[in-house]
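Here the structure comes first, spelled out in structure tokens, and everything after it is commentary.
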Amino acid sequence: MKTEPGDLSGTLPWTQSCFVCGQDNPRGLRLRSRVADGRVWIDYTTREADRGYRHIVHGGILMTLLDEVMTWAAILSVRRVCVAAEVLTRLKQPVKVGDRLRVEGWVARPGARVILTEGRVTNEEGKVMLTATGKYMPMPAGQIELASKDFVESPEAIPAAAIIGG
């Protein structure tokens, strides 16, 4: 029996290959997303390798982190693997190397074909550094099996099958 997205709590599954969570991606971040109270989040401390200009973190890294949590929010909403159709980010404050961040995502409006999400990046003091909105779509049926094979089963995570089914 599946629970509602708001009922889930804990570490979400990760994959072998994803840039953000992939355990076998040699250039990846190897981060773990978590869920509680219907929100998905990642805690992240920015690195030297994340630089854009000399003094700030590259916006693409921050958008990638937002995409990760908003994708998971969409997945939890429809219980199917989802992909981004559109992501819009707005920089509120520059992020510096060494900043400790909380990256959060949630569903703003669920749907069967398009799931609208929102996200934000806050610093240690709770100041909003970036915001985002996204449109996510369930993955086409022919690609679901291939994507599902990339998930890693771990006793540390909620089983993927409990979230997205077989």
Looking at the range 60-69, can you tell me whether even one residue there is without any contact (Cβ under 8 Å) to a residue 24 or more places away in the chain and surrounded by 18 or more Cβ atoms within 10 Å (Cβ to Cβ)?
yes
Quick one: ILE75 ticks every box in (1) touching a Cys at 6+ places or on another chain (Cβ under 8 Å); (2) over 20 Å from LEU31 (Cα atoms); (3) among the aliphatic types (A, V, I, L, M) bar one, so which box is it?
(2)
For the range 74-100, give me the residue count where each residue is in contact with a helix residue (DSSP H, G or I) (Cβ under 8 Å, 6 or more places away or on another chain) and of a type outside the set (S, T, N, Q).
12
Can you find a residue in the range 21-35 that is at pLDDT below 95, of a type in the set (A, V, I, L, M, F, W, C) and either in contact with a Gly (Cβ under 9 Å, 6 or more places away or on another chain) or surrounded by 13 or more Cβ atoms within 10 Å (Cβ to Cβ) (or both)?
no
Quick check on this structure: which one of LEU146, LEU130 is more than 26 Å from ASP7 (Cβ to Cβ), hydrophobic (A, V, I, L, M, F, W, C) and exposed (fewer than 11 other Cβ atoms within 10 Å of the Cβ)?
LEU146
Identity of the residue in the range 138-152, without any contact (Cβ under 8 Å) to a residue 60 or more places away in the chain and within 19 Å of the chain's Cα centre (by Cα), that ends up farthest from MET70 (Cα to Cα):
LYS149
When GLU124 is evaluated against the numbered criteria (1) over 15 Å from THR71 (Cα atoms); (2) modelled with pLDDT under 95, which criterion, by number, is the only one it fails?
(2)
State yes or no: is THR45 within 29 Å of LEU8 (Cβ to Cβ), in contact (Cβ under 8 Å) with a residue 12 or more places away in the chain and crowded, with 23+ Cβ neighbours inside 10 Å?
no
Taking the residues in the range 33-45 that are out of contact with any Leu (no Cβ under 7 Å at 6 or more places or on another chain) and in a loop (DSSP other than H, G, I, E, B) as candidates, determine which candidate is nearest to GLN16 (Cα to Cα).
GLY38
Over the range 79-116, the set of residues out of contact with any Lys or Arg (no Cβ under 8 Å at 6 or more places or on another chain), of a type in the set (A, V, I, L, M, F, W, C) and either closer than 22 Å to GLU145 by Cα or free of Cβ contacts under 8 Å to residues at least 40 places away in the same chain (or both) is VAL81, CYS82, VAL83, LEU91, ALA108, ALA112
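The values are calculated or read from the model by the stated rules, or taken from the named source; none is laboratory data. Keep in mind the model is a prediction, meaning the values are calculated, not measured. As a convention, Cβ positions derive from the backbone with ideal geometry for all residues, glycine included, and neighbour counts pool all protein chains shown.
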